[in-house]
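The values are calculated or read from the model by the stated rules, or taken from the named source; none is laboratory data. None of these values were measured; they are calculated from a predicted model. Counting neighbours? That spans all protein chains shown, and the Cβs are built from the backbone with ideal geometry, glycine included. What goes into the accessible areas is simple: the full protein's heavy atoms, side chains included, and nothing from ligands, DNA or RNA. Shrake-Rupley method; radii C 1.70, N 1.55, O 1.52, S 1.80 Å.
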Amino acid sequence: MEHGYGFYLDEYQRDVGAHVHSSITCPESGGYLSAHLPVFDLAAGSVAAFASAIDRSPLVDRTPWTLDPERIAASFSSDRLLRIGGQPVDAFSAYSGFFAARDGWVRTHGNYPHHRDRLLSILELGSSATKDDVVQRISAIDAIEIEQRAADAGAIAVRVRTENEWRLSEQYATARSAPLVSIRVRDTEGSPTHSPRLRVLDLTRVIAGPVATRALALLGADVLRLDPPGMPEIEWQHLDTGHGKRSALLDLKSEEGSARFRGLLDAADVLVTGYRPGALEALIGHELPAHLIHGRVSAWGWDGPWADRRGFDSIVQAASGISFLEGGDKPGALPAQALDHATGYFLAAAVVDALTLRRQDGLGRDVDVALARTGVRLLDAPGRTLQPGPARMPGPDVVVSHGEVTTARPALAEFDDYPRPAQKWGNDVAAWAR
């Protein structure tokens with residue numbers, strides 16, 4: 001079994017049917033992303049997968065990649081390094097976190113207003129409820145009951161499980177049996193496509209999807225992010241992951257918006273989405289263009305009992321035993337939202353490999369990744385540490401400032417910065433760049 005970052009790079013290469021390139025090297029972690037689980041190996045492996053896909057692609061000239069542990073750690077810890085007007089951001093709202101239930105622990109996520117409202121609803125609390133109200137209410141309910149209520153109502157909360165509990169679950173078996181990354185040819189016919197500039201439609205939020213499309217923007221792609229008008233993005237998240245992209249608002253449920261989206265889709269090379277099973281098809285009401293590469297990211301995958309459930313990195317950590325492994329008697333967390341970031345780089349790598357394959361046969365492909373699949377590999381990987389030291393924080397050389405905003409530089413040190421910093425969310429026209 002390959003150790004270190006090669007554990008993940010090898011599995012990625014097997015999944016996509018490619019060969020490992022010897023032009024990728026990585027020094028020791030240097031204490032960055034230190035944890036009980038081998039988090040740095042996961043981070044470096046996902047970035048190495050992206051670099052190896054670039055090597056196989058005509059998008060960027062091949063180069064000997066030397067992975068920089070500090071740059072990788074900075075990219076994966078970008079929310080902790082982000083400064084707006086010199087001030088750090090609070091990544092989680094008062095309604096997100098670990099709460100002691102009557103018989104254990106739950107982890108909730110209420111950063112977005114609609115998720116907060118659903119959480120308060122399943123707890124039978126009003127919209128003015130405080131964190132203390134949430135603490136008191138959750139303490140009177142069994143953890144599994146809160147989890148089930150959340151699943152039924154589209155809220156986000158899970159019972160914090162031990163690793164053994166997770167390994168005995170059907171959802172673990174589903175995630176473990178699925179590939180880390182899958183690339184499948186759609187049953188369509190096309191013709192070889194050679195666009196003068198790669199065009200990417202981004203319909204994702206939070207971290208994994210935006211990290212993937214940010215990585216594609218690093219390679220010179222024209223990335224257009226689309227959001228519905230009535231669902232504002234959290235400002236700091238867009239500033240953290242919106243580099244190199246344009247951002248526009250488009251109502252896909254309206255007749256005009258649907259027609260505009262169809263035109264964008266027909267001219268796109270790549271579509272990246274974070275919808276649950278069947279949601280995209282119901283939204284757009286037609287098949288995808290034959291030539292399109294469709295990258296999909298989800299929390300739990302598209303099979304198994306939790307396929308329809310919502311989730312984020314912190315939620316997957318809690319449900320899969322990672323939180324107890326890192327926290328002990330009380331649940332804790334990884335030193336970064338590594339499942340999100342790593343899944344994003346695996347997705348970007350697979351999209352690049354799918355584009356390379358399309359140049360040969362003209363066929364569109366579906367590319368799938370899931371946070372739970374990435375989490376399973378982290379649990380299975382060699383290299384656990386019983387008493388890890390504190391995670392070393394990246395220094396000032398791996399951040400860059402543009403005006404009032406300071407952000408992490410790209411994970412690949414061969415790139416000094418992204419093509420441009422994140423612009424104002426939703427301020428661009430829903431059209432391809434000329």
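Between the DSSP loop rule and a limit of at most 15 other Cβ atoms within 10 Å, which GluC sites (Glu not before Pro) in the stretch 17-125 are left? Sites meeting the loop and neighbour criteria: GLU28, GLU124. Across all directions, the shadow cast by the convex hull of the stretch 81-198 built on its C-alpha atoms averages 13.5 square nanometres.
In terms of the mean number of neighbouring beta-carbon atoms within 10 Å, the peptides 227-239, 34-46, 144-156 order highest first as 34-46, 144-156, 227-239. Extent of the stretch 47-91 along its three principal axes (Cα atoms, max minus min coordinate, largest first): 40, 20, 15 Å. Ranked by the mean number of other Cβ atoms within 10 Å of their residues, highest first, the peptides 307-320, 344-357 fall in the order 344-357, 307-320. Take 170-177, 385-392 and order them by the average number of nearby Cβ atoms within 10 Å per residue, most first; the result is 170-177, 385-392. Considered as an equivalent ellipsoid built on the Cα gyration tensor, the chain has semi-axes of 31, 26, 22 Å, the largest given first.
Estimated from helices alone, the mean residue ellipticity of the chain at 222 nm is -11000 deg cm²/dmol (sum of -39500 (n - 2.57) over DSSP H runs with n ≥ 4, per residue).
Model label points for SER254 and ASP303, set 7 angstrom from Cα along the Cα-to-Cβ axis, are 4.1 nm apart.
Report the calculated FRET efficiency for ASP152 and VAL185 (r = Cβ-Cβ distance, R0 = 41 Å), to the nearest 0.05. Provide the component values of the computation, followed by the final result.
Numbers: r = 36 Å, r/R0 = 0.89.
Between ASP152 and VAL185 the formula returns 0.65.
In this Cβ point-charge picture (+1 for Lys and Arg, -1 for Asp and Glu), the chain has a dipole of about 320 debye about its Cα centre. What the Cα atoms of the stretch 1-100 give is an Rg and a Dmax of 16.6, 52 Å.
Between GLU163 and ILE84, what is 0.36 nm times their sequence separation minus the Cα-Cα distance? Round to one decimal in nm.
This chain segment gains 24.7 nm when fully extended.
As a calculated quantity, the FRET efficiency between ASP133 and ARG392 at R0 = 60 Å, using C-beta atoms, amounts to about 0.95.
The length gained on full extension between VAL60 and LEU125, counted as 0.36 nm times the residue separation minus their Cα-Cα distance, comes to 18.1 nm. Per residue, the convex hull spanned by the Cα atoms of the stretch 297-434 amounts to 219 cubic angstrom.
As an exercise, identify the GluC sites (Glu not before Pro) in the stretch 319-424 lying in DSSP coil whose Cβ has no more than 16 other Cβ atoms within 10 Å. When the GluC sites (Glu not before Pro) of the stretch 319-424 are filtered for loop state and at most 16 Cβ neighbours within 10 Å, GLU404, GLU414 remain.
When you filter the GluC sites (Glu not before Pro) in the stretch 237-307 for DSSP loop state and at most 14 other Cβ atoms inside 10 Å of their Cβ, you are left with GLU287.
Placing dummy labels 7 Å off each Cα toward the beta-carbon, the span from ALA91 to ARG176 is 2.8 nm. Among the protein heavy atoms of the stretch 337-434, carbon and sulfur supply 49% of the accessible surface, probe 1.4 Å, non-protein parts ignored. What separates the Cα centres of the stretch 41-104 and the stretch 149-173 is a distance of 24 Å.
The gain in end-to-end length when the ARG102 to VAL399 segment is fully stretched comes to 102.6 nm, 0.36 nm per residue minus the alpha carbon separation.
For the chain, report the accessible area per residue in Å² (1.4 Å probe, heavy atoms, rounded to an integer).
On a per-residue basis, 40 Å².
Here, P(r) means the percent of Cα pairs in each 10 Å bin from 0 to the largest distance; for the stretch 123-267 it is 8, 22, 28, 26, 13, 2, 0.
Charge tally around TYR112: other residues with Cβ under 13 Å, Lys/Arg +1 each, Asp/Glu -1 each, net 0. Figure legend: label point modelled 7 angstrom from the Cα of ARG262 along Cα→Cβ; residues of the stretch 289-309 with amide N under 15 Å from it are 289-290.
Taking amide H atoms as placed 1.01 Å from N in the peptide plane, the amide H of ARG365 lies under 5 Å from those of ARG186, ILE293, HIS294, each 5 or more residues away in sequence or on another chain.
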